[in-house]
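Participant: This is the structure I want to talk about, given as C-alpha coordinates.
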Amino acid sequence: MTSHSLTAAAAGTWRLGDLTVNRIGFGAMRLTQNGAAFSDERTPHDRDRAVAVLRRAVELGVNHIDTAAFYFSPLRSANELINRALGPYPDDLVITTKVGPGRGPSGDWTDWARPEQLRGQVQENIRQLGRDHLDVVNLRMNGNRPVSELFGALAELREEGLVRHLGLSNVRPEQIDEARAIAPVVCVQNRYGIGERRADSQEVLRMCGDLGIAFVPFFAIAGAGRESGAVPEHEAVVDVARAHDASPAQVRLAWTLQQGTHVLAIPGTGDPAHLEANVAAGALRLTDDETARLTALGQPTGADVA
Ligand SMILES: NC(=O)c1ccc[n+]([C@@H]2O[C@H](COP(=O)([O-])OP(=O)(O)OC[C@H]3O[C@@H](n4cnc5c(N)ncnc54)[C@H](OP(=O)(O)O)[C@@H]3O)[C@@H](O)[C@H]2O)c1
(Lines give C-alpha, C1' and ligand atoms only; values in the text may rest on other atoms or scores of the structure.)
Protein backbone atom coordinates (compact mmCIF):
# COMPACT_ATOMS: atom_id res chain seq x y z
CA MET A 1 0.00 0.00 0.00
CA THR A 2 1.46 3.33 -1.01
CA SER A 3 0.13 6.76 -0.25
CA HIS A 4 0.73 10.06 -2.00
CA SER A 5 -0.51 12.04 1.00
CA LEU A 6 1.24 10.27 3.83
CA THR A 7 0.00 11.77 7.08
CA ALA A 8 -0.75 10.55 10.57
CA ALA A 9 -3.89 12.69 10.44
CA ALA A 10 -5.57 10.30 7.96
CA ALA A 11 -7.32 8.33 10.70
CA GLY A 12 -8.56 11.45 12.49
CA THR A 13 -7.89 12.74 15.99
CA TRP A 14 -8.82 12.05 19.60
CA ARG A 15 -8.52 14.10 22.74
CA LEU A 16 -6.47 13.02 25.73
CA GLY A 17 -7.95 15.42 28.25
CA ASP A 18 -7.28 18.84 26.71
CA LEU A 19 -4.59 17.49 24.35
CA THR A 20 -5.54 16.59 20.77
CA VAL A 21 -3.58 13.82 19.06
CA ASN A 22 -3.69 12.09 15.70
CA ARG A 23 -4.95 8.53 16.08
CA ILE A 24 -1.79 7.14 14.48
CA GLY A 25 0.97 7.57 17.04
CA PHE A 26 4.31 5.91 17.73
CA GLY A 27 5.61 3.50 20.37
CA ALA A 28 9.24 4.07 21.39
CA MET A 29 9.93 0.66 22.94
CA ARG A 30 11.44 -0.70 19.72
CA LEU A 31 13.85 2.17 19.19
CA THR A 32 16.61 1.00 21.47
CA GLN A 33 17.60 -2.27 19.83
CA ASN A 34 16.79 -4.75 17.09
CA GLY A 35 14.34 -7.52 17.82
CA ALA A 36 13.00 -8.37 21.25
CA ALA A 37 12.59 -5.24 23.35
CA PHE A 38 14.26 -6.34 26.58
CA SER A 39 16.84 -8.89 25.46
CA ASP A 40 20.51 -8.11 26.13
CA GLU A 41 21.56 -10.26 23.20
CA ARG A 42 20.30 -7.90 20.53
CA THR A 43 22.33 -5.20 18.84
CA PRO A 44 21.55 -1.59 19.60
CA HIS A 45 19.93 0.41 16.84
CA ASP A 46 22.17 2.94 15.25
CA ARG A 47 21.53 6.16 17.19
CA ASP A 48 21.27 8.30 14.06
CA ARG A 49 18.75 5.93 12.55
CA ALA A 50 16.59 5.97 15.69
CA VAL A 51 16.74 9.77 15.79
CA ALA A 52 15.83 9.92 12.10
CA VAL A 53 12.82 7.64 12.66
CA LEU A 54 11.52 9.90 15.43
CA ARG A 55 12.02 13.06 13.38
CA ARG A 56 10.34 11.52 10.36
CA ALA A 57 7.41 10.41 12.52
CA VAL A 58 6.82 13.98 13.67
CA GLU A 59 7.29 15.24 10.10
CA LEU A 60 4.50 12.87 9.06
CA GLY A 61 2.17 14.31 11.68
CA VAL A 62 2.70 11.86 14.54
CA ASN A 63 2.05 13.87 17.70
CA HIS A 64 1.50 11.07 20.22
CA ILE A 65 4.58 9.14 21.33
CA ASP A 66 4.51 6.39 23.94
CA THR A 67 7.61 5.78 26.02
CA ALA A 68 8.92 4.81 29.48
CA ALA A 69 12.10 5.30 31.48
CA PHE A 70 12.39 1.50 31.60
CA TYR A 71 12.63 1.31 27.79
CA PHE A 72 16.36 0.99 27.49
CA SER A 73 18.93 -1.45 26.18
CA PRO A 74 22.53 -1.58 27.39
CA LEU A 75 23.52 1.41 25.23
CA ARG A 76 20.30 3.22 24.31
CA SER A 77 17.43 4.83 26.18
CA ALA A 78 14.13 5.59 24.45
CA ASN A 79 13.67 8.78 26.47
CA GLU A 80 17.16 10.00 25.64
CA LEU A 81 16.56 9.34 21.94
CA ILE A 82 13.26 11.25 22.05
CA ASN A 83 14.89 14.17 23.85
CA ARG A 84 17.78 14.28 21.40
CA ALA A 85 15.62 13.88 18.30
CA LEU A 86 12.72 16.13 19.11
CA GLY A 87 13.79 18.72 21.65
CA PRO A 88 12.86 21.54 21.77
CA TYR A 89 9.54 19.80 21.44
CA PRO A 90 6.81 20.93 19.04
CA ASP A 91 3.87 22.50 20.91
CA ASP A 92 1.41 19.86 19.79
CA LEU A 93 3.53 16.83 20.72
CA VAL A 94 2.07 14.63 23.46
CA ILE A 95 4.51 12.26 25.15
CA THR A 96 2.93 9.49 27.18
CA THR A 97 5.07 7.62 29.68
CA LYS A 98 4.31 4.78 32.04
CA VAL A 99 5.37 4.04 35.59
CA GLY A 100 5.06 1.09 37.93
CA PRO A 101 7.62 -1.49 36.76
CA GLY A 102 11.03 -1.16 38.38
CA ARG A 103 14.23 -1.66 36.37
CA GLY A 104 17.78 -1.27 37.67
CA PRO A 105 20.63 0.31 35.68
CA SER A 106 21.81 -3.10 34.48
CA GLY A 107 18.39 -3.84 33.06
CA ASP A 108 17.34 -6.21 35.83
CA TRP A 109 13.64 -6.06 36.75
CA THR A 110 13.11 -5.07 40.34
CA ASP A 111 10.01 -4.88 42.50
CA TRP A 112 6.99 -2.96 41.28
CA ALA A 113 7.01 0.60 42.59
CA ARG A 114 5.38 1.28 45.91
CA PRO A 115 3.14 4.38 45.94
CA GLU A 116 5.87 6.55 47.48
CA GLN A 117 8.29 5.52 44.71
CA LEU A 118 6.11 6.78 41.88
CA ARG A 119 7.23 10.37 42.40
CA GLY A 120 10.81 9.31 41.70
CA GLN A 121 9.75 7.42 38.58
CA VAL A 122 7.84 10.44 37.29
CA GLN A 123 10.80 12.72 38.01
CA GLU A 124 13.16 10.30 36.24
CA ASN A 125 11.01 10.56 33.10
CA ILE A 126 10.92 14.35 33.38
CA ARG A 127 14.73 14.51 33.64
CA GLN A 128 15.36 12.13 30.77
CA LEU A 129 12.85 13.81 28.48
CA GLY A 130 14.10 17.27 29.44
CA ARG A 131 10.71 18.61 30.43
CA ASP A 132 9.21 20.31 33.46
CA HIS A 133 6.13 18.11 33.56
CA LEU A 134 4.76 15.04 31.80
CA ASP A 135 1.76 15.20 29.45
CA VAL A 136 0.28 11.78 30.22
CA VAL A 137 1.42 9.12 32.70
CA ASN A 138 0.01 5.61 32.64
CA LEU A 139 0.03 3.51 35.76
CA ARG A 140 1.18 0.10 34.48
CA MET A 141 -0.37 -2.61 36.60
CA ASN A 142 0.40 -6.28 36.99
CA GLY A 143 -2.10 -8.78 38.22
CA ASN A 144 -5.19 -8.04 40.22
CA ARG A 145 -3.68 -5.67 42.76
CA PRO A 146 -5.89 -2.75 43.79
CA VAL A 147 -4.98 0.42 41.94
CA SER A 148 -6.19 2.90 44.57
CA GLU A 149 -3.03 3.59 46.51
CA LEU A 150 -0.81 3.78 43.45
CA PHE A 151 -3.25 5.85 41.44
CA GLY A 152 -3.82 8.09 44.46
CA ALA A 153 -0.09 8.81 44.59
CA LEU A 154 -0.14 9.78 40.90
CA ALA A 155 -3.24 11.91 41.45
CA GLU A 156 -1.22 13.94 43.98
CA LEU A 157 1.50 14.53 41.39
CA ARG A 158 -1.20 15.63 38.97
CA GLU A 159 -2.52 18.09 41.52
CA GLU A 160 1.01 19.44 41.93
CA GLY A 161 1.33 19.96 38.18
CA LEU A 162 4.10 17.40 37.61
CA VAL A 163 1.70 15.41 35.46
CA ARG A 164 -1.05 16.77 33.25
CA HIS A 165 -3.19 13.68 32.66
CA LEU A 166 -3.33 10.12 33.97
CA GLY A 167 -3.98 6.79 32.30
CA LEU A 168 -3.80 3.08 33.09
CA SER A 169 -2.19 0.05 31.51
CA ASN A 170 -2.78 -3.68 31.70
CA VAL A 171 -5.99 -3.29 33.66
CA ARG A 172 -9.38 -4.91 34.11
CA PRO A 173 -12.71 -3.02 34.02
CA GLU A 174 -13.06 -2.86 37.80
CA GLN A 175 -9.58 -1.35 38.10
CA ILE A 176 -10.64 1.41 35.70
CA ASP A 177 -13.66 2.13 37.91
CA GLU A 178 -11.43 2.15 40.97
CA ALA A 179 -9.05 4.67 39.41
CA ARG A 180 -11.81 6.91 38.07
CA ALA A 181 -13.13 7.32 41.59
CA ILE A 182 -9.79 8.99 42.44
CA ALA A 183 -8.94 11.08 39.36
CA PRO A 184 -9.88 11.32 35.67
CA VAL A 185 -8.48 8.61 33.39
CA VAL A 186 -7.74 9.76 29.82
CA CYS A 187 -6.40 6.51 28.33
CA VAL A 188 -6.13 2.78 28.88
CA GLN A 189 -3.26 0.89 27.30
CA ASN A 190 -3.90 -2.86 27.11
CA ARG A 191 -2.66 -5.66 24.92
CA TYR A 192 -5.02 -5.99 21.97
CA GLY A 193 -4.94 -7.00 18.34
CA ILE A 194 -6.20 -9.54 15.85
CA GLY A 195 -6.13 -12.85 17.70
CA GLU A 196 -4.43 -11.17 20.67
CA ARG A 197 -7.31 -10.32 22.92
CA ARG A 198 -7.48 -10.61 26.67
CA ALA A 199 -10.66 -12.23 27.95
CA ASP A 200 -11.98 -8.82 29.04
CA SER A 201 -10.83 -6.86 25.99
CA GLN A 202 -14.22 -6.20 24.41
CA GLU A 203 -15.60 -5.02 27.73
CA VAL A 204 -12.65 -2.68 28.32
CA LEU A 205 -12.84 -1.40 24.74
CA ARG A 206 -16.57 -0.67 25.04
CA MET A 207 -16.22 0.79 28.52
CA CYS A 208 -13.53 3.20 27.34
CA GLY A 209 -15.67 4.26 24.37
CA ASP A 210 -18.68 4.92 26.63
CA LEU A 211 -16.56 6.96 29.04
CA GLY A 212 -14.67 8.95 26.39
CA ILE A 213 -11.38 7.30 27.38
CA ALA A 214 -8.82 6.51 24.67
CA PHE A 215 -8.15 2.80 24.23
CA VAL A 216 -4.52 2.35 23.16
CA PRO A 217 -3.56 -1.21 22.16
CA PHE A 218 -0.02 -2.47 22.44
CA PHE A 219 1.28 -5.47 20.47
CA ALA A 220 -1.28 -4.69 17.75
CA ILE A 221 1.26 -5.80 15.13
CA ALA A 222 3.69 -8.00 16.98
CA GLY A 223 1.44 -10.28 18.98
CA ALA A 224 2.87 -13.52 20.20
CA GLY A 225 6.11 -14.30 18.40
CA ARG A 226 5.36 -12.65 15.07
CA GLU A 227 8.17 -10.13 15.58
CA SER A 228 10.66 -12.95 15.38
CA GLY A 229 8.77 -14.71 12.60
CA ALA A 230 8.14 -17.65 14.92
CA VAL A 231 4.38 -17.54 14.35
CA PRO A 232 3.16 -17.56 10.75
CA GLU A 233 0.64 -14.88 9.79
CA HIS A 234 -3.04 -15.88 9.59
CA GLU A 235 -4.23 -16.65 6.07
CA ALA A 236 -7.14 -14.22 6.48
CA VAL A 237 -4.78 -11.35 7.34
CA VAL A 238 -2.66 -12.18 4.29
CA ASP A 239 -5.77 -12.31 2.05
CA VAL A 240 -7.09 -8.96 3.23
CA ALA A 241 -3.65 -7.42 2.88
CA ARG A 242 -3.40 -8.65 -0.70
CA ALA A 243 -6.83 -7.24 -1.55
CA HIS A 244 -5.67 -3.76 -0.47
CA ASP A 245 -2.13 -4.00 -1.77
CA ALA A 246 -1.13 -3.61 1.87
CA SER A 247 1.05 -5.56 4.30
CA PRO A 248 -0.27 -7.77 7.12
CA ALA A 249 1.10 -5.26 9.64
CA GLN A 250 -0.94 -2.48 8.01
CA VAL A 251 -4.08 -4.63 8.09
CA ARG A 252 -3.51 -5.34 11.78
CA LEU A 253 -3.23 -1.63 12.53
CA ALA A 254 -6.26 -0.74 10.40
CA TRP A 255 -8.33 -3.41 12.16
CA THR A 256 -7.56 -1.96 15.60
CA LEU A 257 -8.41 1.57 14.44
CA GLN A 258 -11.74 0.30 13.11
CA GLN A 259 -12.77 -0.93 16.56
CA GLY A 260 -13.80 2.60 17.55
CA THR A 261 -12.93 6.24 17.05
CA HIS A 262 -11.46 6.23 20.56
CA VAL A 263 -8.81 3.64 19.59
CA LEU A 264 -5.30 5.08 19.14
CA ALA A 265 -2.43 3.20 17.49
CA ILE A 266 1.14 3.29 18.86
CA PRO A 267 3.03 0.93 16.53
CA GLY A 268 6.66 0.46 17.52
CA THR A 269 9.50 0.35 15.02
CA GLY A 270 13.11 1.32 14.54
CA ASP A 271 12.78 0.92 10.77
CA PRO A 272 12.08 4.03 8.64
CA ALA A 273 10.18 2.04 5.99
CA HIS A 274 8.00 0.38 8.62
CA LEU A 275 7.26 3.78 10.12
CA GLU A 276 5.97 5.06 6.78
CA ALA A 277 3.93 1.89 6.27
CA ASN A 278 2.39 2.27 9.72
CA VAL A 279 1.44 5.90 9.11
CA ALA A 280 -0.05 4.91 5.74
CA ALA A 281 -2.19 2.28 7.50
CA GLY A 282 -4.21 5.12 9.01
CA ALA A 283 -5.79 5.63 5.59
CA LEU A 284 -6.64 1.96 5.08
CA ARG A 285 -10.36 1.20 5.40
CA LEU A 286 -11.43 -2.43 5.68
CA THR A 287 -14.86 -3.57 4.54
CA ASP A 288 -17.36 -4.85 7.11
CA ASP A 289 -16.87 -8.39 5.79
CA GLU A 290 -13.11 -8.14 6.11
CA THR A 291 -13.36 -6.73 9.61
CA ALA A 292 -15.72 -9.53 10.66
CA ARG A 293 -13.44 -12.18 9.19
CA LEU A 294 -10.44 -10.78 11.07
CA THR A 295 -12.39 -10.34 14.30
CA ALA A 296 -13.28 -14.02 14.22
CA LEU A 297 -9.61 -14.99 14.35
CA GLY A 298 -8.21 -16.24 17.60
CA GLN A 299 -9.78 -16.64 20.96
CA PRO A 300 -9.25 -14.27 23.85
CA THR A 301 -6.14 -15.04 25.84
CA GLY A 302 -5.81 -14.75 29.63
CA ALA A 303 -6.88 -11.63 31.48
CA ASP A 304 -3.41 -10.63 32.62
CA VAL A 305 -0.78 -11.06 30.00
CA ALA A 306 2.37 -9.25 28.92
N1 LIG B 1 1.65 -0.59 28.35
C2 LIG B 1 2.42 -1.63 28.19
O3 LIG B 1 2.55 -2.47 29.06
C4 LIG B 1 3.17 -1.83 26.91
C5 LIG B 1 3.73 -3.07 26.61
C6 LIG B 1 4.39 -3.22 25.42
C7 LIG B 1 4.49 -2.15 24.54
N8 LIG B 1 3.94 -0.95 24.85
C9 LIG B 1 4.01 0.20 23.90
O10 LIG B 1 3.31 -0.17 22.75
C11 LIG B 1 4.12 0.04 21.59
C12 LIG B 1 3.74 -1.00 20.56
O13 LIG B 1 4.12 -2.29 21.02
P14 LIG B 1 5.33 -3.10 20.36
O15 LIG B 1 6.31 -2.13 19.79
O16 LIG B 1 5.78 -4.08 21.33
O17 LIG B 1 4.61 -3.94 19.25
P18 LIG B 1 3.95 -3.63 17.84
O19 LIG B 1 3.86 -2.18 17.55
O20 LIG B 1 2.72 -4.43 17.81
O21 LIG B 1 5.00 -4.32 16.86
C22 LIG B 1 6.34 -3.98 16.84
C23 LIG B 1 7.11 -5.08 16.13
O24 LIG B 1 6.62 -5.20 14.81
C25 LIG B 1 7.63 -4.78 13.87
N26 LIG B 1 6.96 -3.83 12.95
C27 LIG B 1 6.51 -2.58 13.21
N28 LIG B 1 5.95 -2.04 12.12
C29 LIG B 1 6.03 -2.99 11.14
C30 LIG B 1 5.62 -3.02 9.78
N31 LIG B 1 5.01 -1.99 9.19
N32 LIG B 1 5.87 -4.16 9.07
C33 LIG B 1 6.48 -5.21 9.65
N34 LIG B 1 6.90 -5.23 10.93
C35 LIG B 1 6.67 -4.12 11.68
C36 LIG B 1 8.73 -4.13 14.66
O37 LIG B 1 10.00 -4.43 14.17
P38 LIG B 1 10.85 -3.32 13.36
O39 LIG B 1 11.52 -2.46 14.39
O40 LIG B 1 11.80 -4.15 12.58
O41 LIG B 1 9.89 -2.55 12.49
C42 LIG B 1 8.57 -4.80 16.03
O43 LIG B 1 9.26 -6.03 16.07
C44 LIG B 1 5.55 -0.10 22.13
O45 LIG B 1 6.50 0.47 21.27
C46 LIG B 1 5.43 0.56 23.47
O47 LIG B 1 5.57 1.97 23.32
C48 LIG B 1 3.27 -0.78 26.01
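Participant: Taking R0 as 45 Å, what's the FRET efficiency between Arg285 and Asn142 from their Cβ-Cβ distance, rounded to 0.05?
Facilitator: Here the calculated transfer efficiency is 0.80.
Participant: Taking the DSSP beta bridges in segment 6-109 as the whole, what percent of them are antiparallel, to the nearest 5?
Facilitator: Of those bridges, close to 60 percent are antiparallel.
Participant: Please find, in a Gaussian network model of the chain (springs between Cα atoms separated by less than 10 Å), the residue of Thr269, Thr13, Thr256 whose mean-square fluctuation is greatest.
Facilitator: In this elastic network of the chain, the residue with the biggest mean-square fluctuation among Thr269, Thr13, Thr256 is Thr13.
Participant: Looking at the chain, what % of its DSSP beta bridges pair antiparallel, to the nearest 5?
Facilitator: Of the beta bridges lying entirely in the chain, close to 25 percent run antiparallel.
Participant: Given the options Ser169, Ser73, Ser106, state which has the largest fluctuation in a GNM of the chain using a 10 Å cut-off (strictly under) for Cα springs.
Facilitator: Judging by the Gaussian network model, the answer is Ser106.
Participant: Could you state the accessible area per residue of the chain in Å², with a 1.4 Å probe and every protein chain left in place?
Facilitator: 42
Participant: Here is a further query. I need the fraction of alpha carbon pairs in segment 199-294 separated by more than 17 Å, rounded to a whole percent.
Facilitator: Counting pairs separated by more than 17 Å, the tail of P(r) holds 53 percent.
Participant: Could you look at the chain and say what percent of its accessible area is carbon and sulfur, using a 1.4 Å probe and all protein chains?
Facilitator: The value for the chain is 50 percent carbon and sulfur by accessible area.
Participant: Using amide H atoms built 1.01 Å from N in the peptide plane, name the residues 5+ places from Thr96, or on other chains, whose amide H lies under 5 Å from its own.
Facilitator: Ile65, Asp66, Thr67
Participant: Around Ala243, under 15 Å between beta carbons, what's the net of Lys plus Arg minus Asp minus Glu among the other residues?
Facilitator: So the surrounding residues net to -3.
Participant: Among Leu134, Leu154, Ala222, which residue has its Cα positioned farthest towards the positive end of the charge dipole of segment 87-237, with +1 placed on the Cβ of Lys and Arg, -1 on the Cβ of Asp and Glu, and the dipole taken about the Cα centre?
Facilitator: Farthest towards the positive end: Ala222.
Participant: Hey, another quick one. Classify segment 32-174 as rounded, prolate or oblate from the Cα gyration tensor: take a ≥ b ≥ c as the square roots of its eigenvalues, call it rounded if a/c is under 1.5, otherwise prolate when a/b beats b/c and oblate if not.
Facilitator: oblate
Participant: If you take the Cα Rg of segment 84-156 and divide it by 2.2 N^0.38 Å, with N the number of residues, what do you get?
Facilitator: That ratio works out to 1.19.
Participant: Suppose the chain between Ala243 and Trp112 were pulled fully straight at 0.36 nm per residue; how much longer would it get relative to their current alpha carbon spacing?
Facilitator: Contour length minus Cα-Cα distance gives 42.6 nm.
Participant: What dipole magnitude, in Debye to the nearest 20, does the chain give about its Cα centre under +1 on Lys/Arg Cβ and -1 on Asp/Glu Cβ?
Facilitator: 280
Participant: Calculate the translational D of the chain in whole µm² s⁻¹ from Stokes-Einstein, where the hydrodynamic radius comes from the Kirkwood formula applied to all Cα pairs, the temperature is 10 °C and the viscosity 1.306 mPa s.
Facilitator: 82
The values are calculated or read from the model by the stated rules, or taken from the named source; none is laboratory data. Here the structure is a predicted model, which is why all the values come from computation and not from measurement. Note: ideal-geometry Cβ built from the backbone for every residue, glycine included; neighbour counts use all protein chains shown. Side chains are part of the model used for accessible areas, which takes the heavy atoms of the whole protein and leaves out ligands, DNA and RNA. Shrake-Rupley method; radii C 1.70, N 1.55, O 1.52, S 1.80 Å.
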